[in-house]
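K.L.:
Here it is, the structure, as structure tokens.
The values are calculated or read from the model by the stated rules, or taken from the named source; none is laboratory data. Owing to the predicted nature of the structure, the values given are computational and were not obtained by experimental measurement. In this analysis, Cβ positions are derived from the backbone assuming ideal geometry, glycine residues included, and neighbour counts consider all displayed protein chains. Quick note on the areas: whole protein, heavy atoms, side chains included, nothing else; ligands and nucleic acids left out. Shrake-Rupley method; radii C 1.70, N 1.55, O 1.52, S 1.80 Å.
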Amino acid sequence: MPRTAPATSPLDERLAEVLASDPEAMADPFAVWHDLLERGPVHRLGPRALVPRYRDVRRLLRNKTTLSNRAFIEGSQAEAIFAALTPEQQRAHLDVSEFESHYVSRNDGDAHTRLRSIAHRAFTPRRIAAMEATVRRYTEELVEELTREEVPDIIDTLAYRLPLLVITEMLDVPHDDHERIHRWSNALARNRGADDPRALMTAHTAIGEFRRYVEDELLPSKREAPPDTDLVAGLMDAEQGDRLTPDELAAMFVILLFAGHETTTNLIGNGLLALLQHRDQWQRLCDDPSLAPTAVEELLRFVSPVQWLLRVALEDIELDGARLERGETVFLLIAAANRDPEIFDRPDVLDLTRPNARDHIGFGFGPHFCIGNVLARLEGAAVLEALARRFPAMTLATDRLTWRGNAKLRALAALPVHLEGRI
Ligand code: HEM
């Protein structure tokens, strides 16, 4: 039976607010992660077991057999969520889950290996490196656009548009379709886990539209006139060779379009916010913009654009004196692990020259390690370098920031700035 005990301690109350994506709590989940790190290897809240420590999270991420990526549909939390839905919501959830079950990230074992190798073939680091000029060109164009606004919003003008322009170009998606894709992606990002019925129903509608778009518009247009794009050709070939079913191909487009922009938007948005809030580090970057790639590593550690990953325990697992039970939903708290003092000296300090910043697990670890990490790093560094070169006097233009979406992917609703500092 799923555990459904209500939150009892003050820490549990704060944790419950973060997990429920309460906008106030999302402003600073790190204090909660800090307290969890001090509590030991496993903390339980309702139908969830949360694992905060770096060495445990890494060990569990590496393991291919004792944990499953099917936590969206199986395990204690998924059962508890499902039981609380109305019949109509349950149908929507099953529908969404069926489609999402084709995502490479939601598979285990051989099925995962097969989907990953197809995605990887289309997404080699060499191919992504060849995108560098495109990334820089788009960055320059968007940074120029910032100067046309009185109080530009970094999220709207730059952080969401750049990754979307790049991934849609790689997948050869028409520019006119970008707004629709952004809307669908947002709806999917908000749903993550179906614990909010409204977000679930919006995601259900979005996934139906997204799927019809990929199947009825995007793919037929490509079949008629195969574009001269290696990435698309790689995915289409896999289909011809009967290695991807049409549903899998549609899901591959969706996951690449989705994973390829939502997370990077948050790296850029939350990362720049952290820099502007730590003026000495912003100054350091402005003094030497070539620090941008190093800064990206420290920001991936410091802000953790993906705050946690979900797994289901397939068997009982011993964890340093504690135990995860078979069937439990396990929260691998990347954001806590990335601030574990056992690994990172003074972990709550943003330090662009931290020697071991690259040890962060912001892109995960092990068999599901992020396929897009090279691209995301490229985009993050291009943006930071361009902003630091052009607008060293940049300041925040608000002291009231709003967080939206799901706390797993903490997203700023807007990041208004004064490019030339306060007047
Ligand atoms: C800052 C940006 C990004 C962050 C923080 C990030 C983070 C992650 C993390 C933590 C995982 C591991 C998931 C798991 O273990 O369950 C992952 C997997 C994945 N990422 Fe990223 N990602 C980013 C950008 C991208 C980009 C740009 C793409 C593609 C264009 C991408 C595509 C993927 C895919 C397809 C997977 C699934 C891999 C698998 O399950 O084998 N990501 N990402």
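K.L.:
Taking only pairs six or more apart or across chains, which ones have beta-carbon atoms under 9 Å, a first residue in the stretch 244-255 that is within 13 Å of the ligand (Cβ to nearest atom), and a second residue that is part of a helix (DSSP H, G or I) and aromatic (Phe, Trp, Tyr)?
P.N.:
Ala251/Phe99; Phe253/Phe210; Val254/Phe99; Val254/Trp184; Val254/Phe210
K.L.:
Identify all residues within the stretch 58-79 that are away from the ligand (no atom under 11 Å from the Cβ), closer than 13 Å to Ser97 by Cβ, crowded, with 19+ Cβ neighbours inside 10 Å and of a type outside the set (A, V, I, L, M, F, W, C); write none if there are none.
P.N.:
Gly75
K.L.:
Tell me which strands (runs of 3 or more DSSP E) are completely within the stretch 280-330 and hold 2 or more residues being more than 16 Å from the ligand (Cβ to nearest atom) and over 27 Å from the mean Cα position of the chain (by Cα), or say none if there are none.
P.N.:
The strands (runs of 3 or more DSSP E) meeting that bar are 322-324.
K.L.:
For Arg389, are the conditions met, namely being of a type in the set (Lys, Arg), part of a helix (DSSP H, G or I) and either open to solvent by 40 Å² or more (accessible area, probe 1.4 Å) or more than 9 Å from the ligand (Cβ to nearest atom) (or both)?
P.N.:
yes
K.L.:
So, one more: Conditions first: (1) modelled with pLDDT under 95; (2) part of a loop (DSSP other than H, G, I, E, B); (3) under 22 Å from the mean Cα position of the chain (by Cα). Lys408 passes all but one, so which condition is the exception?
P.N.:
Result: Lys408 passes all but (2).
K.L.:
Suppose the filter is more than 16 Å from the ligand (Cβ to nearest atom) and farther than 23 Å from Met26 by Cα; does His204 pass it?
P.N.:
When the stated conditions are applied, His204 passes them.
K.L.:
Within the stretch 164-179, track down each residue that is open to solvent by less than 70 Å² (accessible area, probe 1.4 Å) and either more than 16 Å from the ligand (Cβ to nearest atom) or at pLDDT 95 or above (or both).
P.N.:
If the condition is that a residue be open to solvent by less than 70 Å² (accessible area, probe 1.4 Å) and either more than 16 Å from the ligand (Cβ to nearest atom) or at pLDDT 95 or above (or both), then Pro174, Asp177 are the ones that fit.
K.L.:
Out of the residues in the stretch 101-128 that are within 12 Å of the ligand (Cβ to nearest atom) and charged (D, E, K, R), state the one that is modelled with the lowest pLDDT.
P.N.:
Arg127
K.L.:
For residues that are in a loop (DSSP other than H, G, I, E, B) and open to solvent by 70 Å² or more (accessible area, probe 1.4 Å), scanning just the stretch 6-56, find the one that is modelled with the lowest pLDDT.
P.N.:
Of everything passing the filter in the stretch 6-56, Pro6 is modelled with the lowest pLDDT.
K.L.:
Residues of the stretch 68-94 being in contact with a Leu (Cβ under 6 Å, 6 or more places away or on another chain) and either part of a loop (DSSP other than H, G, I, E, B) or at positive phi (or both), which ones?
P.N.:
Answer for the stretch 68-94, where residues must be in contact with a Leu (Cβ under 6 Å, 6 or more places away or on another chain) and either part of a loop (DSSP other than H, G, I, E, B) or at positive phi (or both): just Ala71.
K.L.:
In the stretch 95-210, which helices (runs of 4 or more DSSP H) lie fully inside it and hold 1 or more residues that are without any contact (Cβ under 8 Å) to a residue 40 or more places away in the chain, of a type in the set (A, V, I, L, M) and at negative phi?
P.N.:
Here the list reads 109-121, 132-146, 161-170, 178-191.
K.L.:
Select from the stretch 80-100 the residues that are among the small types (Gly, Ala, Ser), open to solvent by less than 60 Å² (accessible area, probe 1.4 Å) and over 21 Å from Ile255 (Cα atoms) and list them in ascending order.
P.N.:
The answer is Ala80, and nothing else.
Let's see how each residue does on (1) within 16 Å of the ligand (Cβ to nearest atom); (2) among the small types (Gly, Ala, Ser); (3) open to solvent by 10 Å² or more (accessible area, probe 1.4 Å):
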residue: Asp351; (1), (2), (3): no, no, yes
residue: Arg354; (1), (2), (3): no, no, yes
residue: His360; (1), (2), (3): yes, no, yes
residue: Phe365; (1), (2), (3): yes, no, yes
residue: Ile371; (1), (2), (3): yes, no, yes
residue: Arg400; (1), (2), (3): no, no, yes
residue: Ala411; (1), (2), (3): yes, yes, no
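K.L.:
Hey, any hits in the stretch 318-330 for a residue that's open to solvent by 20 Å² or more (accessible area, probe 1.4 Å) and in contact with a Lys or Arg (Cβ under 7 Å, 6 or more places away or on another chain)?
P.N.:
Checked the stretch 318-330: no residue is open to solvent by 20 Å² or more (accessible area, probe 1.4 Å) and in contact with a Lys or Arg (Cβ under 7 Å, 6 or more places away or on another chain).
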